[in-house]
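Below: the structure, in structure tokens.
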Amino acid sequence: MTEFWVSSGHHLTQRTEGGGLAVTDELILAYLARPEVLPPDDACAAERALYADLLAHPRRVVSMEAVRAIADPDARENWEVLLAFRDRLLAARSIEAAYLGMIREGLQGIPSLFLNQLVHLILRNALDGCDDPFVLRAAELLFRPQRISRLDNAVLLADAEVIEAREGSAPLSPLVSMLGKDAANELDILNEDNAWSYWSRSDAFSMALNLGSSMRSREALARVIEAFVGHLLNVEVRVNPLDKLEDSDWRWFVGLDAEATRIGNALWRGDPVSNADQERVIALFSLTFTDRTRLEDSVGDRPVYLLLAATGANLVTLKPHNLIAGLPLKTAQAPC
């Protein structure tokens, strides 16, 4: 099996009997090693003592008094957030179960950075053994914001963080020029000829994806959604890309991001949708369930439609928790 996404930290976890990922001391220590957690040179003695104790005992119970003793208010808040997140992971039987629990409780107080890291880990587990670079590149949309560019029928997605980090660092390539005056080292568009190179650069997130005119890319994103939903909710679904929405009975939909939710609500109400908003929808899918007995009765025999859209600033931030929370299931229990 070819390795990919070492940066997810999956090698720091262990598999549970149910196939999920168990939290280990090594994973907690990886969070403690993050630069925003490391105590600065001028940190007070209380913060330094707390950090040293956690390095020695990553699972130790930390009292509120120990956190309140930290002099810097920003540092206190950072520690409160990190420790609350750690405790939620430790209380769950798996990372998958912890993520589902966070979604059900509303995600309040959980930084998007931490959520993206969990999705990265969960997808690495769900896609273990995958040998299709198109599927893996499409999966990056679930935990890496993208910047888009349009050319004819092509909707090109490039990693937003990579583009921003490389800005001004190199002469413009034709692709990067299309992505909006962003200077970068060469960003290749994933295709049949260069797909083999994904394996050596999967952690660089340096390949662009043609989601517009490449049916294989849209099919790949459909397979990712099937794997993610199936792994987390123990339910078999079939996802199909659509070119346009022609069904007048749009009973249930899930907006995969804030813009898609706004546009989907307008369509559901029967309100007119501007051409600009229609152009913002970059992907549309139908989702059906193999076992319909687990669905809410209001769905009937209709599919669930999934929408993905870009902002006015040409950014795409797919929110996988919208998908998990928005599906019309009577029960949703993590199998692992």
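The values are calculated or read from the model by the stated rules, or taken from the named source; none is laboratory data. From a predicted model like this one, the values you see are computed outputs, not experimental measurements. Counting neighbours? That spans all protein chains shown, and the Cβs are built from the backbone with ideal geometry, glycine included. Side chains included, ligands, DNA and RNA excluded: accessible areas come from the protein's heavy atoms. Shrake-Rupley method; radii C 1.70, N 1.55, O 1.52, S 1.80 Å.
What's the whole-number percent of alpha carbon pairs in the chain lying beyond 32 angstrom? For the chain, the share of Cα pairs beyond 32 Å comes to 36 percent. Annotation for region 21-46 versus region 214-270: alpha-carbon center distance of 37 Å. The listed residues 200, 112, 214, 274, once ranked by accessible area (1.4 Å probe) with the largest placed first, stand as 200, 112, 274, 214. Among 316, 6, the sequence by solvent-accessible area, most first, with a 1.4 Å probe is 6, 316. Remark: the residue 150-residue 105 segment gains 12.4 nm on full extension, using 0.36 nm per residue and subtracting the alpha carbon distance.
So if R0 is 35 Å, what FRET efficiency would residue 238 and residue 81 give, r being the distance between their Cβ atoms, rounded to the nearest 0.05? It would help to have the intermediate numbers written out before the result.
Working: r = 38 Å, r/R0 = 1.09.
After rounding, the FRET efficiency stands at 0.35.
Positive end of the dipole of the chain (Cβ unit charges, origin at the Cα centre): among 211, 52, 22, the Cα lying farthest that way belongs to 22.
A 1.4 Å probe over all protein chains sorts 151, 50 by accessible area into 151, 50, starting with the largest.
The spread of Cα positions in region 195-257, taken along each principal axis and listed from longest to shortest, comes to 45, 31, 20 Å.
Which FRET efficiency value, to the nearest 0.05, is calculated for residue 132 and residue 294 with the Förster distance at 22 angstrom and r the Cβ-Cβ distance? Please list the in-between numbers first.
Working: r = 28 Å, r/R0 = 1.28.
Efficiency at R0 = 22 Å is approximately 0.20.
Per-residue SASA remark: residue 23, around 20 Å² accessible (1.4 Å probe; ligands, DNA and RNA not included).
What is the ratio of the Cα radius of gyration of region 7-81 to 2.2 N^0.38 Å, where N is its residue count, to two decimals?
Numbers: Rg = 14.2 Å, N = 75, 2.2 N^0.38 = 11.3 Å.
It is 1.25.
Helix 112-126 versus the longest principal axis of the chain: what angle, 0 to 90°, nearest 10, using Cα atoms? That helix lies at roughly 70 degrees to the long axis.
Residue 330 contributes about 110 Å² of solvent-accessible surface, heavy atoms of the protein only, 1.4 Å probe.
Kindly state, to the nearest 0.05, the FRET efficiency for residue 271 paired with residue 330, given R0 = 30 Å and r defined as their beta-carbon distance. Working from the Cβ atoms, E equals 0.50.
Taking the Cα centre of the chain as origin and assigning +1 to Lys and Arg Cβ atoms and -1 to Asp and Glu Cβ atoms, the resulting dipole is close to 620 debye.
Kindly provide the GluC sites (Glu not before Pro) of region 1-65 that DSSP labels as loop, not H, G, I, E or B, and whose Cβ sees at most 16 other Cβ atoms within 10 Å. Before the final figure, lay out each step's value.
On the way: sites: 3, 17, 26, 36, 47, 65; in loops: 3, 17, 36.
Answer in residue order: 3, 17, 36.
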